[in-house]
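Structure, as structure tokens:
The values are calculated or read from the model by the stated rules, or taken from the named source; none is laboratory data. Because the structure is predicted, anything quoted here is derived from the model rather than measured. Methodologically, a virtual Cβ is constructed for each residue, glycine included, from the backbone with ideal geometry; neighbour enumeration extends over all protein chains shown. Note: areas computed on protein heavy atoms with side chains; ligands, DNA, RNA excluded. Shrake-Rupley method; radii C 1.70, N 1.55, O 1.52, S 1.80 Å.
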Amino acid sequence: MNAILSTETQAQLQAQPQAVAPSIASSAMFAELSIGNWTARKLDRTATKQTTSANGAADDAGAFHKKLIASPTLEAVQKHIVHTRANIHYRLTMPWSDMGIRLLPTSVFPEYYGLITEAETKFHELKGVFLQEYEWDKTQAQARLGTLFSEDDYPSVEAVSAKFRFRHTQTPIPDVDDFRLNIGHEAEESLKSQYQQFYTTQIEAAMQDVWQQTYDALSKMSERLDYTDKEDKATRKIFRDSLVENVRDLLGLLPKFNITQDQRLENMRLRLEDAMLGVSADALRDDDALRLDTKAKVDGILKSFKW
């Protein structure tokens, strides 16, 4: 279910003054992340044709992809990439454009930079181990794949190495007055106006995402803290520690993500901070009164949203 802000909240967001753009340029930056690796998978057209024919299926009914190497190290690389994107890059940045650029608040930069450089180091360490194991893994693949094995499927170590990449950049946000084009005053002013409108729209979308993340986390907490029979503990829903940890993590990020100094967001954060005082996953499991009180406070905060 997608949450949307109330009409009043949306109107207030849209009413952000144009002067907000330069302030954002001083309180945030652009962040880009590009990570990739050799997948070690290849479509086998011959095996695909044999499989579809043997089952009386059409040629486009399916496809057979070979797993060229069974490597725990490569699997570790792939899991590390997922972790880096989800738990560092996306968690600590805000959406900006469809081109992969994200908004990184300056207050988050030290944490982000420390974690992303640490992740980069680990990525290259895992890559190095995989490349050292590559020839051995390739030898093992001959026995594992049988007649499906083909020497031509395996690039050289150098070629495989080139398929691994880990690039991250942080760049300043250009000010609306940074146009330096010799196109005439009227055309330049038109471009500035378009850029200002784009700027404002993207900032609104970034802040909307903060509200959305908050709504999602609180909705999940409210749902998991509920149970159908208040007198029967057996009807209480099970939840993991991450239910509370995610909300606490969000609490720490909200003031840093509030790059427009939205007082409504700050007020909501203070209410949430109050609701989470003395709350832990174990306490919520053991203390019915705390569980009910926490759910009531969370539900009260959710009333500022409309769905």
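Does Lys42 meet the test of being in contact with an Asp or Glu (Cβ under 9 Å, 6 or more places away or on another chain), surrounded by fewer than 13 Cβ atoms within 10 Å (Cβ to Cβ), at negative phi and not acidic (Asp, Glu)? Step through it out loud before you land on a result.
Details: in contact with an Asp or Glu (Cβ under 9 Å, 6 or more places away or on another chain): yes; surrounded by fewer than 13 Cβ atoms within 10 Å (Cβ to Cβ): no; at negative phi: yes; not acidic (Asp, Glu): yes.
No; evaluated as a whole, the condition is false for this residue.
Somewhere in the stretch 44-57, is a residue more than 16 Å from the chain's Cα centre (by Cα) and in contact (Cβ under 8 Å) with a residue 60 or more places away in the chain?
Restricting attention to the stretch 44-57, the residues satisfying the condition of being more than 16 Å from the chain's Cα centre (by Cα) are 44-57.
Then keep just the ones that are in contact (Cβ under 8 Å) with a residue 60 or more places away in the chain; that gives 44, 47.
Scanning the stretch 44-57, I find at least one residue that is more than 16 Å from the chain's Cα centre (by Cα) and in contact (Cβ under 8 Å) with a residue 60 or more places away in the chain, so the answer is yes.
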Within the stretch 232-245, does at least one residue satisfy the condition of being open to solvent by less than 10 Å² (accessible area, probe 1.4 Å) and among the small types (Gly, Ala, Ser)? no
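Pick from Gln132, Gln140: which is assigned to a helix (DSSP H, G or I), of a type in the set (S, T, N, Q) and touching a residue at least 60 places away in the same chain (Cβ under 8 Å)?
Numbers: Gln132 fails: touching a residue at least 60 places away in the same chain (Cβ under 8 Å).
Matching residue, one of Gln132, Gln140: Gln140.
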Contacts under 6 angstrom Cβ, first residue in the stretch 282-307 being within 13 Å of Met221 (Cβ to Cβ), partner in a helix (DSSP H, G or I) and among the hydroxyl-bearing types (Ser, Thr, Tyr), 6 or more apart: Lys295/Ser222; Val298/Ser222; Asp299/Ser222
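Among the helices (runs of 4 or more DSSP H) contained in the stretch 256-307, which hold 1 or more residues that are more than 25 Å from Arg91 (Cβ to Cβ)?
Result: 281-286, 288-302.
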Residues located in the stretch 73-105, provided they are open to solvent by 50 Å² or more (accessible area, probe 1.4 Å) and modelled with pLDDT under 95: Asp98, Met99
